[in-house]
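Student: Have a look at this one.
The values are calculated or read from the model by the stated rules, or taken from the named source; none is laboratory data. The structure displayed is predicted, hence computed values, not measured ones. Please note: Cβ atoms are built from the backbone with ideal geometry, for glycine as well, and neighbour counts cover all protein chains shown.
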Amino acid sequence: MYLSRDRQGAVTTYERAVPMSNLMSGAKMLLECLVREGVDCIFGYPGGVTLPLYDALYDHPLRHVLVRHEQNAAFAAEGYARATGRVGVCCATSGPGSTNLVTGLVNAMMDSIPLVALTGQVHSKLIGSDAFQEADTFGISRSCTKHNYLVKSINDLPGIIHEAFYIAATGRPGPVLVDIPKDVFQAQGHYAPVSSIHLPGYKVYTEGHTGQIRRAAQMIWEAQRPFVYAGGGIISSGASEELRQFVEFVDAPTVCTLMGLGALPSRHPNFISMPGMHGSYAANMGMSHCDLLIALGVRFDDRVTGRLSAFAAHAKVIHVDIDPAEIGKNRVPDLPIVGDARRVLGKIVKVLQKLAPAEAPRNAAPRKAWWRQIRAWQQEHPLLPAVSSSEIKPQHLVTEIDRISNGRAVVTSDVGQHQMWACQFIRFDEPRLWISSGGLGSMGFGLPAAVGAQLARPDKLVFALVGDGGFQMSIPELATIASQGLPIKIVIMNNGYLGMVRQWQELFYNNRLSGVELECFPDVEKLGAAYGIPGRVIQRPEELSPALNAAVREPGPYLLSVKVSPFENVYPMVPSGAAVSEMVLGPPQPVAVPK
Amino acid sequence: MLQVISLLVENRPGALMRVTGVLSSRGYNIESLTVARTLDPTLSRMTIVVDVDPNLRRQVIKQMNRLINVLQASDLTESPAVARDMVLLRVRAQLETRTAILKEAEIFGARVVDSSVEGFALEATGAPEKLDEFIDVMRSYGDIEVTRSGMVAVSLETKKLRLSPPIPTKGEVLKVPDTNGVING
């Protein structure tokens, strides 16, 4: 049974039979700290040096979810963290266990996901001796984490755990790794609850500079063509409501980045689409022609900006971010505000409201013209899904998922074409529904992330939309899904290729398709049956809608492989190195089918 | 262009690795690096000289300030600061050049720390460029062996050190879901 911490209201205060300060093992102490941090579920894989921890877990109320690969423990913890906003926890053993976590840690780092990774380490006395399953986890994880620790004494353990959670969750969230030698797990120590931690060098600026906020409000009023560029920071800070108030008050067109989808409801009239490499025409033209770009919790990623020197070339930029190192990293803003998006937006709205009576009418006419222009761009080149009567177009598949989700389902994805189509066509009415690997672009993310998301949100319909490439990287997790009885709807967009790489080879390498054809894709019905998961393969357009309906009706997990047209490409597309306004709207010529 | 970065860091294992990681991950080669404890034994002062692309200098400082073990990172390249370097130098001295070497040493304010029939060991401190000259002069007298300390620098501006206060943890309230028996076993 899944133990929800308090969602069902079925929580009781748990009185320990033992006094508050008592003798216990390091492993027990660790679990004690996790419980105090509100952790209800950890994703892990045991091993030699974490044996004492797993022994302590045996009869501990904390739920442990056994994944089938450590990388997926990190991904599942990220799915959990992104679905809830709480810190995800994963654990692995020393050596290969911790090295397998690395991709997940970098992924969390790039996407600013709060994560605490617990790794076992060999006995303190053996560190540095090339002991069995020893790896320099502390050194390896230095560049993959926001911060990391090597615990040298049981006395330090509780403080470090609380520090790790605090660092992971606050400021710009990120992964924190705690490496714990076996003897620290085994040692006995007197546990006293840690009442405070001291991190003198860790500064979090949340409030935003009052003068800058006032100047920002003034700039926003003076702008004739304002444009809001909102990202993952809105979701991390829980600023969706503040963002909605802000864009409604300013009446600015708004784009949400891949990390920010759902920050503003996709059905909101001010919402345009995702911007960037595969963003809509209106989004990218809006970015290129605005006179004020209001960047909120974004990092001006190259996939959004295209050629940086041409990006929003005529615009002044207001950049709100909680991480001072993001300010001016790629684009030097005209007005930087370091602070939490939620606090800052709330304050900007207050200032705007005060200024409103005097300032509002001034730019009314140019703003109207700006909206007319935006709507014209939207009508000129709308994002329209391709539909065919002879084969299932991949866009058709994502629009069907959108129809079933209706803005409410959790959708996780891998990386590539299916991810881009999902961003273009699936609507999200609230934040924390769209869970995808953004910055790092790790294939094999979707399935384990869905495990974490479904555990975190048992009330939600969860789709794992994966490609046939990424799916094959995460097949082991079918066992986790089956054993945990998670009703995840796994939808494989099967085009027989590593689609996005094939698209680039087609467009930029003379269609010399090299190493991208995925032959021998497993029979999904048999594969599902092997795990006790119902599976089905479809390839006719008329089968699509009933098959998805049937998958959703199924009480447990479902594996649906959808054979889609193999040579469909994602458009619009900004070629790498081009300005976003130079986007290619469709295929240059009829696509040649290679032998 | 060479950049001089002064850092106040927590004296903890891994702190040096984190700081140098910011530089090495970008492929910057460190010219010199000195670390020593401050009056407060829990803190260390670090001076790093590194060749950083001028456009990225502020970014590098910001990324260092972002590190949890770093209390303060500042760029001394263009701010008023005093920078010093120390050199320990052994020079082989023939009988006829010994007096000349001592005279030159005096000009550079160097001290003799050892004298033998083979030659002298000299100690000099000063601005790095001055020491370059000193080394050049000494080389003209014969074989030399040089060890330099790397630059230490102190800012002449008072910068207020902003530190975060202690933070209360969630350690106090214990809430655990009620379970009947073993759940992971």
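Student: Name the residues in region A:317-332 that are farther than 15 Å from residue A:110 by Cα and within 9 Å of chain B (Cβ to nearest Cβ), would you?
Tutor: A:324, A:327, A:328
Student: Restricting to region B:44-60, name every residue that is closer than 17 Å to residue A:200 by Cα and at pLDDT below 95.
Tutor: Answer for region B:44-60, where residues must be closer than 17 Å to residue A:200 by Cα and at pLDDT below 95: there is none.
Student: Filtering region A:294-312 down to residues that are part of a loop (DSSP other than H, G, I, E, B) and aliphatic (A, V, I, L, M), which residue is farthest from residue A:242 (Cα to Cα)?
Tutor: Looking at the filtered set, the residue picked out is A:312.
Student: Output the number of residues of region A:167-196 satisfying the condition of being within 13 Å of chain B (Cβ to nearest Cβ) and at pLDDT below 95.
Tutor: 6
Student: A follow-up question, please. Would you point out the residue of region A:133-146, among those that are polar (S, T, N, Q) and touching a residue at least 12 places away in the same chain (Cβ under 8 Å), that is farthest from the other protein chains (Cβ to nearest Cβ)?
Tutor: A:133
Student: Looking only at region A:358-381, how many residues end up being at pLDDT below 80 and loosely packed, with under 12 Cβ neighbours inside 10 Å?
Tutor: So the answer is 2.
Student: If you take the residues of region A:314-326 that are farther than 25 Å from residue B:73 by Cβ and touching a residue at least 40 places away in the same chain (Cβ under 8 Å), which of them is surrounded by the fewest Cβ atoms within 10 Å (Cβ to Cβ)?
Tutor: Top of the filtered list is A:316.
Student: Only one of these is within 18 Å of residue A:400 (Cβ to Cβ), charged (D, E, K, R), surrounded by 18 or more Cβ atoms within 10 Å (Cβ to Cβ) and over 24 Å from the mean Cα position of the chain (by Cα): A:568, A:554. Name it.
Tutor: A:568
Student: Go through (1) over 17 Å from residue A:109 (Cβ atoms); (2) under 28 Å from the mean Cα position of the chain (by Cα) for residue A:155 and report which single condition fails.
Tutor: With respect to (1) over 17 Å from residue A:109 (Cβ atoms); (2) under 28 Å from the mean Cα position of the chain (by Cα), residue A:155 is out only on (2).
Student: Tell me whether region B:58-78 contains one or more residues that are within 14 Å of chain A (Cβ to nearest Cβ) and surrounded by fewer than 16 Cβ atoms within 10 Å (Cβ to Cβ).
Tutor: no
Student: For region A:18-136, which strands (runs of 3 or more DSSP E) that fit wholly inside it have 3 or more residues that are touching a helix residue (DSSP H, G or I) at 6+ places or on another chain (Cβ under 9 Å)?
Tutor: A:41-44, A:63-66, A:88-92, A:115-121
Student: Only one residue in A:570, A:564, A:584, A:516 is within 30 Å of residue A:304 (Cα to Cα), at pLDDT 95 or above and touching a Pro at 6+ places or on another chain (Cβ under 8 Å), so which one is that?
Tutor: The match here is A:564.
Student: Ok, one more. Does region A:551-559 contain any residue that is assigned to a loop (DSSP other than H, G, I, E, B) and among the basic types (Lys, Arg)?
Tutor: So far as region A:551-559 goes, no, none of its residues is assigned to a loop (DSSP other than H, G, I, E, B) and among the basic types (Lys, Arg).
Student: Separate question: Please state which one of A:201, A:231, A:238, A:211 is modelled with pLDDT under 95 and either outside the structural domain of residue A:88 (by TED's automatic domain parsing) or out of contact with any strand residue (DSSP E or B) (no Cβ under 8 Å at 6 or more places or on another chain) (or both).
Tutor: After ruling out the rest, the residue left standing is A:201.
Student: Can you list residue pairs whose Cβ atoms sit under 9 Å apart, with the first residue in region A:41-53 being touching a residue at least 12 places away in the same chain (Cβ under 8 Å) and the second being assigned to a strand (DSSP E or B) and of a type in the set (S, T, N, Q)? Count only pairs 6 or more apart in sequence or on different chains.
Tutor: Going by the 9 Å Cβ cut-off, the qualifying pairs are A:49/A:119; A:49/A:121; A:50/A:119; A:52/A:25.
Student: For the condition among the hydrophobic types (A, V, I, L, M, F, W, C), out of contact with any Gly (no Cβ under 7 Å at 6 or more places or on another chain) and within 14 Å of another protein chain (Cβ to nearest Cβ), what is the one hit in B:7, B:89?
Tutor: Only one candidate qualifies: B:7.
Student: Then there is this: Is it the case that residue A:36 is on the phi < 0 side of the Ramachandran plot, at pLDDT 50 or above and at the interface with chain B (Cβ under 9 Å from one of its Cβ atoms)?
Tutor: In short, yes.
Student: On to the next question. Has region A:383-400 got at least one residue that is within 22 Å of the chain's Cα centre (by Cα), under 28 Å from residue A:173 (Cα atoms) and in contact (Cβ under 8 Å) with a residue 40 or more places away in the chain?
Tutor: No; the residues of region A:383-400 include none that is within 22 Å of the chain's Cα centre (by Cα), under 28 Å from residue A:173 (Cα atoms) and in contact (Cβ under 8 Å) with a residue 40 or more places away in the chain.
Student: Hey, another quick one. Tell me, yes or no, whether region A:147-159 has at least one residue that is closer than 23 Å to residue A:327 by Cβ and within 8 Å of another protein chain (Cβ to nearest Cβ).
Tutor: There is at least one residue in region A:147-159 that is closer than 23 Å to residue A:327 by Cβ and within 8 Å of another protein chain (Cβ to nearest Cβ).
Student: Between residues in region A:525-554 that are over 19 Å from residue A:481 (Cα atoms) and residues that are in a loop (DSSP other than H, G, I, E, B) and among the hydroxyl-bearing types (Ser, Thr, Tyr), which pairs lie under 9 Å by C-beta distance while being six or more apart or on different chains?
Tutor: Sorted first by the residue in region A:525-554, then by its partner, the pairs are A:540/A:390; A:541/A:388; A:541/A:389; A:541/A:390; A:542/A:389.
Student: Enumerate the strands (runs of 3 or more DSSP E) found wholly within region A:157-247, keeping only those where 3 or more residues are among the aliphatic types (A, V, I, L, M).
Tutor: A:175-181
Student: I've got another one for you. Mind checking whether some residue in region B:31-43 is away from chain A (no Cβ under 14 Å), within 17 Å of the chain's Cα centre (by Cα) and closer than 22 Å to residue A:139 by Cβ?
Tutor: yes
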